[in-house]
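Participant: What follows is a single structure, and I will ask about it in a moment.
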Amino acid sequence: MIRKGMKLYSILFGVCPKCHQESMYQNKNPYVLSEVIKMRESCSHCHTKYQIEPSFFYGSMYVSYAVGIAFAVAAFIISYNILEFSLMIAFISIIGTLIVFAPIIMRLSRNIWINIFMSYDKELASKGSEKQS
Ligand SMILES: [Zn+2]
């Protein structure tokens, strides 16, 4: 259902927003905490520069606010409405969720942010794979 060429693919997997060929991050695993936000400078397939302008990714903080709320609401619904825990436990689970998922929230918001400004480019993507073969 989710495949290359869809914005959601780049957002979920953190791949280059233009060619979807490789990860934007130096370390694919977001839980290597020292490398959560270490990104490559540009894509080795299509040579897209990720940092469009200096401190481009500061804007992703607005997105992370929204993503954080989405995670908090999900945590609340699951613990309070579905698992029927008390209100107190539900709030603790919100805090726990935000801490545990912080690296993912940070990356998701960067991915969403860059995908607002860039879109998948079929030609760039196929050029990249030609070079590979
Ligand atoms: Zn690329």
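The values are calculated or read from the model by the stated rules, or taken from the named source; none is laboratory data. From a predicted model like this one, the values you see are computed outputs, not experimental measurements. Because the Cβ atoms are built from the backbone with ideal geometry, glycine has one as well, and the counts that use them run over all protein chains shown. What goes into the accessible areas is simple: the full protein's heavy atoms, side chains included, and nothing from ligands, DNA or RNA. Shrake-Rupley method; radii C 1.70, N 1.55, O 1.52, S 1.80 Å.
Participant: Being in contact with a strand residue (DSSP E or B) (Cβ under 6 Å, 6 or more places away or on another chain), within 12 Å of the ligand (Cβ to nearest atom) and open to solvent by 90 Å² or more (accessible area, probe 1.4 Å) is the requirement here; does K4 meet it?
Facilitator: Considered against the rule, which asks whether it is in contact with a strand residue (DSSP E or B) (Cβ under 6 Å, 6 or more places away or on another chain), within 12 Å of the ligand (Cβ to nearest atom) and open to solvent by 90 Å² or more (accessible area, probe 1.4 Å), K4 comes out as no.
Participant: What number goes with the only condition from (1) in contact (Cβ under 8 Å) with a residue 24 or more places away in the chain; (2) surrounded by 13 or more Cβ atoms within 10 Å (Cβ to Cβ); (3) not in a helix (DSSP H, G or I) that F85 does not pass?
Facilitator: That leaves (1) as the condition not met.
Participant: Here are some residues: Y9, Y50, Y65. Which one is more than 16 Å from the ligand (Cβ to nearest atom) and of a type in the set (F, W, Y)?
Facilitator: Y65
Participant: I would also like to ask the following. Please tell me if S109 is open to solvent by less than 80 Å² (accessible area, probe 1.4 Å), in contact with a helix residue (DSSP H, G or I) (Cβ under 8 Å, 6 or more places away or on another chain), away from the ligand (no atom under 16 Å from the Cβ) and of a type in the set (S, T, Y).
Facilitator: Considered against the rule, which asks whether it is open to solvent by less than 80 Å² (accessible area, probe 1.4 Å), in contact with a helix residue (DSSP H, G or I) (Cβ under 8 Å, 6 or more places away or on another chain), away from the ligand (no atom under 16 Å from the Cβ) and of a type in the set (S, T, Y), S109 comes out as yes.
Participant: Hey, another quick one. Answer yes or no as to whether K18 is within 13 Å of the ligand (Cβ to nearest atom) and either surrounded by fewer than 14 Cβ atoms within 10 Å (Cβ to Cβ) or not acidic (D, E) (or both).
Facilitator: It is true that K18 is within 13 Å of the ligand (Cβ to nearest atom) and either surrounded by fewer than 14 Cβ atoms within 10 Å (Cβ to Cβ) or not acidic (D, E) (or both).
Participant: Looking only at segment 112-133, count every residue that is within 16 Å of the ligand (Cβ to nearest atom), open to solvent by 70 Å² or more (accessible area, probe 1.4 Å) and modelled with pLDDT of 95 or more and tell me the total.
Facilitator: Result for segment 112-133: 2.
Participant: Out of the residues in segment 27-47 that are within 16 Å of the ligand (Cβ to nearest atom) and not in a loop (DSSP other than H, G, I, E, B), state the one that is most open to solvent (accessible area, probe 1.4 Å).
Facilitator: Filtering first and then ranking leaves S42.
Participant: Any chance segment 65-80 includes a residue that's surrounded by fewer than 18 Cβ atoms within 10 Å (Cβ to Cβ) and at positive phi?
Facilitator: No, segment 65-80 contains no residue that is surrounded by fewer than 18 Cβ atoms within 10 Å (Cβ to Cβ) and at positive phi.
Participant: Of everything in segment 3-31, what is among the hydrophobic types (A, V, I, L, M, F, W, C) and under 19 Å from I105 (Cβ atoms)? Give them in sequence order.
Facilitator: The answer is L8, I11, L12, F13, V15, M24.
Participant: Now for a different question. Please tell me if A125 is among the small types (G, A, S) and farther than 16 Å from H20 by Cβ.
Facilitator: In short, no.
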